[in-house]
Amino acid sequence: MSKKSNVKKQRLGKALKKSRRIPLLTVVRTHRRIQSNMFARNWRRTKLGIEDD
């Protein structure tokens, strides 16, 4: 396996955090104004677009 640079690790971590699901409590509290995460992506179809170093 290839080694990742620290910059690439940070980008991957940030993308993971952005694509997390919306907590159920948030949906309930906002009366479904916030229902889905606009940063969510399908890992099978959509690539991150992180350039290789």
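Only helices enter this figure: runs of n ≥ 4 DSSP H residues, each worth -39500 (n - 2.57), summed and divided by the residues of the chain, yield -10500 deg cm²/dmol at 222 nm to the nearest 500.
Counting lysine pairs in the chain that sit 8 or more residues apart in sequence, or on different chains, and whose Cα atoms lie under 16 Å apart gives 10. Leaving out ligands, DNA and RNA, and with a 1.4 Å probe, what % of the accessible surface on the chain is carbon or sulfur? Taking all protein chains in place, the chain shows 53 percent carbon and sulfur surface. Pairwise Cα distances in the chain exceed 17 Å in 51 percent of cases.
Local charge for R41 was computed over the other residues whose Cβ lies under 11 Å away, with Lys and Arg +1 and Asp and Glu -1, and equals +4. Helix 6-18 and the long axis of the chain differ in direction by around 20°, with both axes built from C-alpha atoms.
The values are calculated or read from the model by the stated rules, or taken from the named source; none is laboratory data. Model, not experiment: these values are computed from the prediction. Every residue, glycine as well, gets a Cβ built from its backbone with ideal geometry; the counts of neighbours run over all protein chains shown. Side chains included, ligands, DNA and RNA excluded: accessible areas come from the protein's heavy atoms. Shrake-Rupley method; radii C 1.70, N 1.55, O 1.52, S 1.80 Å.
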